[in-house]
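Trainee: What follows is a structure written as structure tokens; I'll ask about it next.
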Amino acid sequence: MSSLSAFSLESIVRPNILAVKPYRCAREDYSSGILLDANENSFGPSLDETQFHNPTLTPIDDHLNRYPDPNQILVKERLMKLRELPSTDYFFLGVGSDEVIDWLFRIFCVPGKDKVLVTPPTYGMYSVTAQVNDVKVIRVNLNVNEDFQLEINQISKALSENSDVKIVFLCSPGNPTGNALSLSSIKSVLEDPNLKGVVAVDEAYIDFTENLNGTFGSVAKWVERYPNLVVIQTLSKSFGLAGIRCGIAISNPKIIRLMNNVKAPYNISTLTSKAALSALSDENISKTRETISLILSERNKITFNIKKISGIGKIIGGKDTNFLLVQILDAKSGTPSNERALWVYTELAERLGIVVRYRGTEVGCKGCIRITVGTPEQNHQLLRCLHELLDDNGSGNL
């Protein structure tokens, strides 16, 4: 028998990798039509169009024959100004926030030994990355009856019972909840005497959050006084640059130094850097803020009008993001229905050309679909189609 015929892939792959259930991204089911499924900025990025669509520029003009700056100092200088921190030493750039999350696991967690804590319903990549890195996940559900806020006492109890928790992942604003965590609750976790690791606060949607009376908002500046805090941000959401894959870690310089020590030498491409620099200019930041205002205005219009549609229940999430988490009700019982929500999701995508996201299997999200705020025209089309599907006189009486 030849060595090739005796080869068994399964016998040499790590068991935890064989067991991985991959993250299912929004585009795997449907990738065309009106895309209101991935919480992208439907208005697009605020960039210098002449810089990015100049037909006279060649790859040599962009120095694409040279490796990029491994430290991305120019981008970090603009982030430093935007987030009001004293030095670029507080910033790390990754290939999307997913690279940042992966490096946190690899830096802090010993495979097969350490644990992380997550608060469902939350971003699914925390658990997928834990499985890839052979790290056990402790789950403490959010309080679904209190705007998906943290169960502080339960988290403290879990930390006291699991001293090997190295990372606590807090998503604020949450995905799929769309609600920001209170600053006081984040502070409680950071200062919990049972915490032996770091707290990673994922702020992918933070620029959509209105800081009312200091109750909610970013904790990025807290890294100056909390050495156990890592803040994760991205240019994918408010800046409308999901396609360039630029994630950001903000933390004390000692943690940032560790992340820079382990990353690939040239992880951020020249093209990504160029787009990021343009987006982070003073002029384009102002344009982005204007776009955010438009998105929030459109979100409020959807919130007002969608409640008028028969078969729509509560809007249980989305007050701090560019998306809404909406209940679809059973036509007879008037209670949230996964069956009907899945039917609406499928009909919208396959027959009406509008892609949203079904979230009914998430903790506390029974009967829910998640809807990204689109342009005025897209939102009008969405509301019209939901009327068609769910109106009492329509065909949606499942």
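The values are calculated or read from the model by the stated rules, or taken from the named source; none is laboratory data. The model shown is predicted, which means the values in this text are computed figures rather than measured ones. Counting neighbours? That spans all protein chains shown, and the Cβs are built from the backbone with ideal geometry, glycine included. Side chains included, ligands, DNA and RNA excluded: accessible areas come from the protein's heavy atoms. Shrake-Rupley method; radii C 1.70, N 1.55, O 1.52, S 1.80 Å.
Trainee: What does the extension gain come out to for Glu224 and Asn305, with contour length at 0.36 nm per residue minus their alpha carbon separation? Walk me through the numbers on the way to the answer.
Mentor: Details: separation 81, 0.36 × 81 = 29.16 nm, distance 4.29 nm.
Using 0.36 nm per residue and subtracting the Cα-Cα distance, I get 24.9 nm.
Trainee: What percentage of the solvent-accessible surface of the stretch 311-398, computed with a 1.4 Å probe over protein heavy atoms, is contributed by carbon and sulfur atoms? Please report the intermediate quantities before stating the final value.
Mentor: Details: 1710 of 3540 Å².
Answer for the stretch 311-398: carbon and sulfur cover 48 percent of the accessible area.
Trainee: Output the antiparallel fraction of DSSP beta bridges having both residues in the stretch 156-293, as a percent to the nearest 5.
Mentor: Values: 5 of 14 bridges.
Here the share of antiparallel DSSP bridges comes out near 35 percent.
Trainee: Let me check against my output: what whole-number percent is the relative contact order of the chain, with C-alpha pairs under 8 Å and at least 6 apart? Walk me through the intermediate numbers first.
Mentor: Values: 742 pairs, mean separation 82.5, N = 398.
Relative contact order of the chain: 21 percent.
Trainee: Which value, in Å² and to the nearest 10, is the accessible area of His380 when all protein chains are kept and the probe is 1.4 Å?
Mentor: In the full protein context, His380 sits at about 120 Å².
Trainee: Treating the beta-carbon of each Lys and Arg as +1 and of each Asp and Glu as -1, no other charges, what is the dipole magnitude of the chain about its Cα centre, to the nearest 20 debye? Write down the numbers at each step before the final one.
Mentor: On the way: 42 positive and 44 negative charges, 143 e Å.
Result for the chain is approximately 680 debye, rounded to the nearest 20.
Trainee: Where in the chain is the longest stretch that carries no GluC sites (Glu not before Pro) classed as loop by DSSP and with at most 12 other Cβ atoms within 10 Å?
Mentor: Working: sites that count: Glu84, Glu146, Glu191, Glu210.
The answer is 211-398.
Trainee: Does a label point 7 Å from the Cα of Lys314, set along Cα-to-beta-carbon, have any residues of the stretch 338-377 with amide nitrogen under 12 Å, and which are they?
Mentor: 364-366
Trainee: Give me the distance in nm between label points sitting 7 Å out from Cα along the Cα-to-Cβ direction at Arg257 and Ile73, one decimal.
Mentor: 1.8
Trainee: Can you work out the accessible area per residue across the chain, with the rest of the protein chains kept in place, probe 1.4 Å, in square angstrom?
Mentor: Details: 18390 Å² over 398 residues.
Counting only protein heavy atoms, the per-residue value for the chain is 46 Å².
Trainee: Would you mind checking Lys113/Lys319; Lys76/Lys366; Lys157/Lys319; Lys187/Lys366; Lys166/Lys314 for any pair whose Cα atoms are more than 32 angstrom apart? Mind showing how you got there, number by number?
Mentor: Values: Lys113/Lys319 38 Å; Lys76/Lys366 41 Å; Lys157/Lys319 29 Å; Lys187/Lys366 30 Å; Lys166/Lys314 36 Å.
Going by Cα-Cα distance, Lys113/Lys319; Lys76/Lys366; Lys166/Lys314 fall outside the 32 Å limit.
Trainee: Put a dot 7 Å past each Cα toward the Cβ at Asn194 and Arg289; how far apart are the dots in nm?
Mentor: Computed distance between label sites Arg289 and Asn194 equals 4.2 nm.
Trainee: Could I ask something else about it? Taking the Cα centre of the chain as the origin and placing charges on Cβ (Lys, Arg +1; Asp, Glu -1), which of Gln381, Ser127, Leu93 is farthest toward the positive end of the dipole?
Mentor: About the Cα centre, the residue reaching furthest to the positive side is Ser127.
Trainee: In addition: What percent do you get for the relative contact order of the stretch 126-222 when only Cα pairs under 8 Å and 6+ apart count? List each step's numbers first, then the result.
Mentor: Numbers: 116 pairs, mean separation 24.4, N = 97.
This gives 25 percent for the stretch 126-222.
Trainee: Figure the gain on full extension for Glu10 and Asp89 (residue separation times 0.36 nm, minus the Cα-Cα span) and round it to one decimal in nm.
Mentor: So the chain would gain 24.2 nm between Glu10 and Asp89.
Trainee: For Glu28 and Ser184, compute 0.36 nm times the residue count separating them, minus their Cα-Cα distance, and round to one decimal in nm.
Mentor: Separation in residues times 0.36 nm, less the Cα-Cα distance, equals 52.4 nm.
Trainee: Given a 1.4 Å probe and heavy atoms of the protein chains only, how would you sort Ile268, Ile12, Ile73, largest accessible area at the top?
Mentor: On the way: Ile268 5, Ile12 115, Ile73 65 Å².
The most accessible residue leads, giving Ile12, Ile73, Ile268.
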